[in-house]
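The values are calculated or read from the model by the stated rules, or taken from the named source; none is laboratory data. Everything numeric here is computed off the predicted structure, so don't read it as measured data. All Cβ positions, glycine included, derive from the backbone under ideal geometry; neighbour counts span all protein chains shown. The accessibility values were calculated without ligands, DNA or RNA, using every heavy atom of the protein model including side chains. Shrake-Rupley method; radii C 1.70, N 1.55, O 1.52, S 1.80 Å.
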Amino acid sequence: ADEQGGQAEVDITQGWVELPGAFEEARLPLTAMTAQVNWRIKASSRKGAPSDLQVGVTRATFANDDAAGQLNAHWQTGPGTGTGVQARFPGRLNMDGKLVWAEANRVWRYLPSMIPFDARDYVRMAVREGRGENVKFEVQGDLAEFPFQGDVGGRFRVHVPVKKVTLDYVPVDMLGKG
């Protein structure tokens, strides 16, 4: 590795990864994770602008008590400055992956924090039990526009075959809320 970038092999056993701002619970416990990671820092073509950043994750496999799966991802800073659509941050993400299995009542934990809290909280209270198998997910686009309503600015897809899921349409915890 040097000032222009580098690469690493990640191998975690009984550890965790922390993703501040990505999920409600930033620290995700892991029983196992392996990945190839590379990063690049390139001087901007715009005078006085900060360097362009890119991070790639390939052949990532992961498992914990909630799920097991794999993914490939590429993130880079956006073309502009500051934060927002077409800005430097939150940047652009191209990610696709698969979950071999996932506990349905833990899915709320992995909903991105960009999804409104009330929606994530509803999923937390409503999905009581069950399992997803051979789940496929994809995110492509400017993260400032996530979850890409009508595919504007990107694409967000999750295909979740489920088994024995119990859904409490009106969770008792929500009764009496406005």
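A few points about this structure:
- Sites VAL152 and ASN94, calculated FRET efficiency, Cβ-Cβ separation with R0 22 Å, nearest 0.05: 0.85
- Once the C-beta distance of LYS163 and THR31 is scaled by a Förster radius of 25 Å, the resulting FRET efficiency is 0.70 to the nearest 0.05.
- Length gained when the stretch VAL55-ILE115 is fully extended (0.36 nm per residue, less Cα-Cα span): 19.3 nm
- Share of carbon and sulfur in the accessible heavy-atom surface of segment 53-107 [1.4 Å probe, %]: 57 percent
- Accessible area of LEU28 in the full protein assembly, 1.4 Å probe (Å², nearest 10): 20 Å²
- For the chain, the Kirkwood estimate of hydrodynamic radius, built from reciprocal distances between every pair of different alpha carbons, is 18.0 Å.
- Alpha-carbon centroids, segment 111-177 and segment 26-85: separation in whole Å: 22 Å
- The order of PHE156, PHE146 by accessible area, most exposed first and with a 1.4 Å probe, is PHE156, PHE146.
- Rolling a 1.4 Å probe over the protein heavy atoms gives the chain an accessible area of 62 Å² per residue.
- Most to least accessible of ASP151, ASP66 (protein chains only, probe 1.4 Å): ASP151, ASP66
- On the basis of the beta-carbon distance and an R0 of 30 Å, LYS42 and ALA68 show a calculated FRET efficiency of 0.30.
- Along the axis of the charge dipole computed for segment 25-178 (Cβ charges of +1 for Lys and Arg, -1 for Asp and Glu, origin at the Cα centre), the listed residues LEU111, GLY48, THR31 are led at the positive end by GLY48.
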